[in-house]
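Q: Got a structure here, written out as structure tokens. Questions coming.
Where a number appears in this text, it was derived from the coordinates with a stated rule and is not lab data. Everything quoted here is computed from the prediction, not taken from an experiment. Using ideal geometry, Cβ is built from the backbone for each residue, glycine included, and neighbour counts are taken over all protein chains shown.
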Amino acid sequence: MTKNVLVIGVGPHARRSHLPALAAGQSAGLVGAVCGVDIVGAADALVPYDADDGPRSIPVTLIEAFDSRARALPDAVRRTLDALVVRRRIAAVVVATEPAVHMPYTHWALEHGLSVLLDKPLSVRADASTDPAQAAAILTDYDELITRYEHARRRHPGVLVSVMSQRRYHPAFWRMRNLIHEVADRTGCPVTSVQAFHSDGQWRLPDELIDLDYHGYDQGYGKCAHSGYHFFDIVPWLIEGAASSGKTADSVEVHAHIARPADFLHQLGVGDHEQLFTGFTARNPYSAGELDRLTHGFGETDAFLSLEFRNGPRTLTLGSINLVHTGFSQRGTLAPAAALYKGNGRVRQETLILQQGPFQALHFQSLQTLPGSQPPGHSSYEVGGDKHVELHVFRNDRHVPGWKAYQRLGFEALTGSEDDQPVTPTQQSSRRRAVQEFLEYINGKRDRAQMRSEVTGHRPAVTLMTGAYLSMANRWTAAAPTAELSLRPPATARSRVLAEAAL
């Protein structure tokens, strides 16, 4: 019997990624009915989206918005969801809401024994970039989730929480991890340095910093909680590829330098935008002084993070994760596009450089030149132009003569195959694979051990995100701007993991 799925949060991201993937699951016989939940004003009772076979729609139950600081669902929301589970015979849940409310929905699902595909980041707290207590609570949220997850698994052994971190499914990242493992096995050398860069290519005009709240900054967090989690996850995941060296980090130090909307308004202010866009003066209701006051305490637009992974007192891996919203864009109009998620001129550019001591260097590039939503007839990386995605592999063939000194792997060389299906080196293909894996699990076609992104493997990522926000908040409060955190689980959680492993 196929499983019915509830999607909580049917915003632009879900309509572009989750819903088409679930529709593909329906075509493959892995999904029965799909229905949605969203807050009043954010969606209609019937939400349209584009699937592979043409336009579709799903019914949506509307609920009242609640304070994102709430740690549990309001009684009225809980009753609505409880009734929906019974009426629609729901077997699994996709949580794709604003991340500040991920935890209440996930806790509710676990209480019902419902498996969850959880969007990233796992959680974030309002004012995380200005309040150290709220920053630290991001990691506390994770540890509480793991405790609840273990409790739910005792009552419902098949329940699963999988995190939508699609780079773990991307064939280029798997190729890099395998290359790292191969060199570690041969040499005993861990990853010694890593540099990650990601730009959203997002250009928000001064008044839009206030008036457009989708992926906004007004809750006291920003880029690190938007797309930044992918890099908090993938950097330690790649480093773990060298675990066979026996050299693993047990702590990390994080130091953040950030720009906030007020800084962006100093880079390109009201006067600049009046010169750049005809009609901006008539549209913009805010003076420079008002914008400065209204954006006080807003979250980060850009974040440059310095990392030091340590084993005891010794440095094991140096790193940087540099995340920007205000990078190269293809926006050219005053009016914002309706499709804010991938429209509005947003262009993604991403690079990753890893060094494995004197033995190997990996340089990965994924570069868009045009927006994700573009006119017919245009092409970009998203539709397979191989000049936009490539991996360069350098190896010390003087030390190991059998190695190749240099290889360039382009789009076709990085395209993989799973279950006789091609997996292309694009984010969209990787998202599809993440959803498909989850659907295969809830249908009994995949074991827990085969899951690539179970929530229990995300503590390093959550630790890095916590460290980033702690550093920001410490700087805001004039405290020491460096955060040092353990990469080990708390003693009680560690003992539970060891006990479970012994079963």
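Q: Pop the C-beta distance of Glu454 and Arg283 into the FRET formula with R0 = 45 Å and round what comes out to the nearest 0.05.
A: Here the calculated transfer efficiency is 0.45.
Q: Where does the Debye-calculated log10 I(q)/I(0) of region 175-424 sit at q = 0.08, 0.09, 0.15 Å⁻¹, using only Cα point scatterers of equal weight, no solvent?
A: Each listed q corresponds, in turn, to -0.40, -0.50, -1.10.
Q: Take Ser486 and Ala335, extend 7 Å from each Cα along the Cα→Cβ direction, and tell me the distance between the two endpoints in nm.
A: Inter-label distance under the simple model: 5.6 nm.
Q: When a footprinting reagent is the concern and you count Cβ atoms within 10 Å, what order do Thr326, Thr301, Thr140 take, fewest first?
A: The order, fewest Cβ neighbours first, is Thr140, Thr326, Thr301.
Q: Still on this structure, I have one more. Sum -39500 (n - 2.57) across every DSSP H segment of at least 4 residues in the chain, then divide by the residue count to get the 222 nm mean residue ellipticity, nearest 500.
A: Helix contribution divided over all residues of the chain: -10000 deg cm²/dmol.
Q: Next question, about the same structure. Between region 1-78 and region 398-437, what is the C-alpha centre distance in whole Å?
A: Their Cα centres are 31 Å away from one another.
Q: Something else: Of the lysine pairs in the chain, how many meet both conditions: Cα atoms under 25 Å apart, and a spacing of 8 or more in sequence or different chains?
A: 8
Q: I need Val85, Val163, Val31 ordered by Cβ neighbour count within 10 Å, fewest first.
A: Ordered from fewest to most neighbouring Cβ atoms within 10 Å, Val85, Val163, Val31 come out as Val85, Val31, Val163.
Q: Express the Stokes-Einstein translational diffusion coefficient of region 3-165 in µm² s⁻¹, to the nearest whole number, given a Kirkwood radius over alpha-carbon pairs, 20 °C and a viscosity of 1.002 mPa s.
A: Rounded to a whole number, D works out at 132 µm²/s.
Q: For region 184-253 and region 282-300, what is the separation of their C-alpha centers, rounded to whole Å?
A: 28
Q: Then there is this: Determine the gain in length on full extension of the stretch Ala243-Ser57; use 0.36 nm per residue of separation and subtract their C-alpha separation, reporting nm with one decimal. Display every interim value, and only then the final one.
A: Working: separation 186, 0.36 × 186 = 66.96 nm, distance 4.52 nm.
Fully extending the segment from Ala243 to Ser57 adds 62.4 nm.
Q: A further question follows. Can you give the extra length, in nm with one decimal, that the chain gains between Asp447 and Thr369 once fully stretched, where that is 0.36 nm per residue apart less the Cα-Cα distance?
A: 24.1 nm
Q: Between Glu274 and Glu253, what is 0.36 nm times their sequence separation minus the Cα-Cα distance? Round to one decimal in nm. All intermediate terms of the calculation are to be shown ahead of the outcome.
A: Working: separation 21, 0.36 × 21 = 7.56 nm, distance 4.22 nm.
Length gained between Glu274 and Glu253: 3.3 nm.
Q: Would you mind computing, in nm to one decimal, how far apart the modelled labels at Ala70 and Glu144 are, each placed 7 Å from Cα along Cα→Cβ?
A: 1.4
Q: Now a separate question. Cα atoms only: what Rg and Dmax, in Å, come out for the chain?
A: Radius of gyration, then largest Cα-Cα span, for the chain: 22.6, 68 Å.
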